[in-house]
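One structure is given below, encoded as structure tokens.
The values are calculated or read from the model by the stated rules, or taken from the named source; none is laboratory data. Not measured: the values here are computed from a predicted model. Heads up, the Cβs are rebuilt from the backbone with ideal geometry, glycines too, and the neighbour counts pull from every protein chain shown.
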Amino acid sequence: MDTRKIEGILKKRARSSKEDCRAALKKARAKTGLDLDEAAILINLKGGPLTKELLDTALWVKNEIYGERIVFFAPLYVSDFCVNDCGYCNFHRSNTALSRRRLSLDEVEGQVRLLIEMGHKRLLVESGEDPENNTIDYIAKVIDRIYSVRAGKGNIRRVNVNIAATTVENYRKLKKAGIGTYQLFQETYHRPTYGKLHDGPKSDYDRQITAYERAFSAGIDDLGLGVLFGLYDWRFEVMSLIAHSQYLDSMHKVGPHTISVPRFRPAPSVTYRAGYPVSDGDFLKLVALLRLAVPYAGMIISTRESPAIRKKAFLSGISQASASSAASVGGYKDKRRARAQFAICDERGLDSVIKSVLDDRILPSFCTACYRTGRTGEAFMELSKPGHIHNLCRPNGILTFAEYLEDFASSDTYKKGYEVLNFHLARIDGEPLRARTRQRLARIKKGARDLYF
């Protein structure tokens with residue numbers, strides 16, 4: 001991570017002309033990404049019309065690659081035991097008021113059943129770092145139990161994982177357990193800031209940033225990057241995420257499958273306040289910039305953001321979102337906020353979130369097809385980079401949304417949902433694929449489930 005290089009480019013491009021900005025936006029429409037210099041031009045752009053053009057271009061690129069869909073998922077916190085003292089996290093080890101908890105496998109199953117009954121098909125397993133309580137063997141057993149649960153209206157079809165940096169041997173165990181994407185956030189790429197905010201094993205900046213190399217060595221080829229915006233200057237963090245993505249792509253021929261963009265949120269025991277708060281306008285801008293610079297990556301937004309900001313972010317490059325989330329261990333049953341890792345801002349239920357995106361003709365999706373057909377790593381990149389993945393995302397999104405409508409939707413969402421579903425059905429490229437999708441939709445209406453391309 002060449003800090004001086006990034007800071008130098010940002011300084012050089014502190015004032016860019018409108019012509020330079022429009023040239024960078026034109027380049028972005030090729031869907032091949034942006035280099036650091038081009039990204040810096042857009043980071044520093046000012047002015048309402050240019051900012052709107054940036055957001056509009058990001059939405060266009062996202063739709064060209066993935067189609068007009070948002071994939072929904074939910075986090076599942078299984079343990080808040082943690083040996084780290086991170087300044088921004090309610091699970092920090094100095095929080096002695098928190099009665100630590102690790103879910104038993106039966107409790108995991110209970111949480112999963114609640115999520116299935118909401119309509120979820122994708123989960124993100126999260127835990128603190130504790131080598132005694134949160135072993136990889138425990139996480140592997142959790143994953144196995146999640147996959148084993150069959151509720152009345154479905155099951156969880158893919159488990160992604162967000163846990164601490166670990167060893168090649170442990171990553172092999174995760175791979176064997178059948179994870180989808182392995183997420184690990186650098187939190188901040190600014191080394192001095194990273195050092196100030198972390199104490200414990202996670203304070204090792206190099207261990208954190210090289211974890212992806214160990215994951216690749218273990219055969220995990222589906223990785224998710226992210227930072228916690230607000231810890232340091234968002235411009236530096238965006239440039240660093242781009243640089244990291246380019247490094248992974250050049251070294252492994254596989255860039256990040258996802259990039260997450262959480263902003264700092266308060267928590268009951270956290271006294272830290274964001275040193276570099278990110279305004280709503282800058283947040284939407286950075287979402288758009290990352291979409292243009294790393295166009296093939298899924299962009300993830302969490303329930304840290306308000307419904308109003310999420311609505312705008314869905315129209316500026318976001319392609320995945322958590323919904324109806326709990327940020328505490330056992331939180332889908334135990335609603336005590338003092339146990340949460342951070343304060344949730346969007347507390348709407350899944351059906352309410354889905355109904356809201358239908359207003360913008362966005363297609364809700366619960367698709368897990370790529371993971372289950374081996375379209376990860378290079379195979380995924382071969383489809384996403386040239387923008388062909390939407391040929392699968394759209395029909396698969398339609399099929400999974402039809403399942404949701406038949407099994408979980410309220411009457412209002414059902415009617416509105418089929419209007420939007422049929423709108424996107426007509427947009428599938430090629431009559432043969434449209435016809436095959438219609439056939440599968442008819443089967444879903446008759447009770448068939450888990451149909452995908």
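Residues in segment 119-148 that are in a helix (DSSP H, G or I) and either among the hydroxyl-bearing types (Ser, Thr, Tyr) or in contact with a Gly (Cβ under 7 Å, 6 or more places away or on another chain) (or both): 4 in all.
Which one of 62, 52, 26, 12 is over 30 Å from residue 423 (Cα atoms) and basic (Lys, Arg)? Break it down into steps so the answer makes sense when it comes.
Values: 62 fails: over 30 Å from residue 423 (Cα atoms); 52 fails: over 30 Å from residue 423 (Cα atoms); 26 fails: over 30 Å from residue 423 (Cα atoms).
Of 62, 52, 26, 12, the one residue that is over 30 Å from residue 423 (Cα atoms) and basic (Lys, Arg) is 12.
Name the residue, out of 25, 45, that is touching a helix residue (DSSP H, G or I) at 6+ places or on another chain (Cβ under 7 Å), of a type in the set (A, V, I, L, M, F, W, C) and part of a helix (DSSP H, G or I). Break it down stepwise before answering.
On the way: 45 fails: part of a helix (DSSP H, G or I).
Every option except 25 fails the conditions.
Give segment 117-137 a look and list any residue that's at negative phi and either of a type in the set (Gly, Ala, Ser) or within 18 Å of the chain's Cα centre (by Cα) (or both), or say none. Break it down stepwise before answering.
Here is the first cut: in segment 117-137, the residues at negative phi are 117-118, 120-137.
Scanning segment 117-137 gives 120, 121, 122, 123, 124, 125, 126, 127, 128.
Of the strands (runs of 3 or more DSSP E) entirely within segment 219-316, none holds at least 2 residues that are more than 20 Å from residue 377 (Cα to Cα) and touching a residue at least 12 places away in the same chain (Cβ under 8 Å).
Pick out, from segment 336-448, the helices (runs of 4 or more DSSP H) lying fully within it that include 1 or more residues that are modelled with pLDDT under 95 and at positive phi. Working first, answer last.
Numbers: elements: 350-358, 369-372, 377-384, 390-407, 411-425, 431-445.
By residue number, 377-384.
Every residue, every condition in (1) surrounded by 23 or more Cβ atoms within 10 Å (Cβ to Cβ); (2) assigned by TED's automatic domain parsing to the domain that holds residue 118; (3) within 19 Å of the chain's Cα centre (by Cα); (4) among the polar types (S, T, N, Q), yes or no:
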{"site": "261", "(1), (2), (3), (4)": "yes, yes, yes, no"}
{"site": "269", "(1), (2), (3), (4)": "no, yes, no, yes"}
{"site": "279", "(1), (2), (3), (4)": "no, yes, no, yes"}
{"site": "289", "(1), (2), (3), (4)": "yes, yes, yes, no"}
{"site": "301", "(1), (2), (3), (4)": "yes, yes, yes, no"}
{"site": "317", "(1), (2), (3), (4)": "yes, yes, yes, no"}
{"site": "326", "(1), (2), (3), (4)": "yes, yes, yes, no"}
{"site": "331", "(1), (2), (3), (4)": "no, yes, no, no"}
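Annotation note: Cβ proximity below 9 Å between a residue of segment 97-115 that is touching a residue at least 40 places away in the same chain (Cβ under 8 Å) and under 16 Å from residue 137 (Cα atoms) and a residue that is assigned to a helix (DSSP H, G or I) and of a type in the set (D, E, K, R) (sequence gap 6+ or interchain) occurs for 105/141; 105/144; 105/145.
Of all the criteria given as (1) in contact with a helix residue (DSSP H, G or I) (Cβ under 7 Å, 6 or more places away or on another chain); (2) assigned to a helix (DSSP H, G or I); (3) within 30 Å of residue 329 (Cβ to Cβ), the one not satisfied by residue 115 is (1). Among residues of segment 158-172 that are farther than 12 Å from residue 75 by Cβ, those with a Cβ under 6 angstrom from a residue that is assigned to a helix (DSSP H, G or I) and small (Gly, Ala, Ser), sequence gap 6+ or separate chain, pair up as 165/211; 168/217; 171/215.
Only one entry in 90, 84, 44, 63 is touching a Gly at 6+ places or on another chain (Cβ under 7 Å) and not hydrophobic (A, V, I, L, M, F, W, C), namely 84.
Taken over segment 88-106, the criterion of being under 25 Å from the mean Cα position of the chain (by Cα) and farther than 28 Å from residue 232 by Cβ is satisfied by 102, 103.
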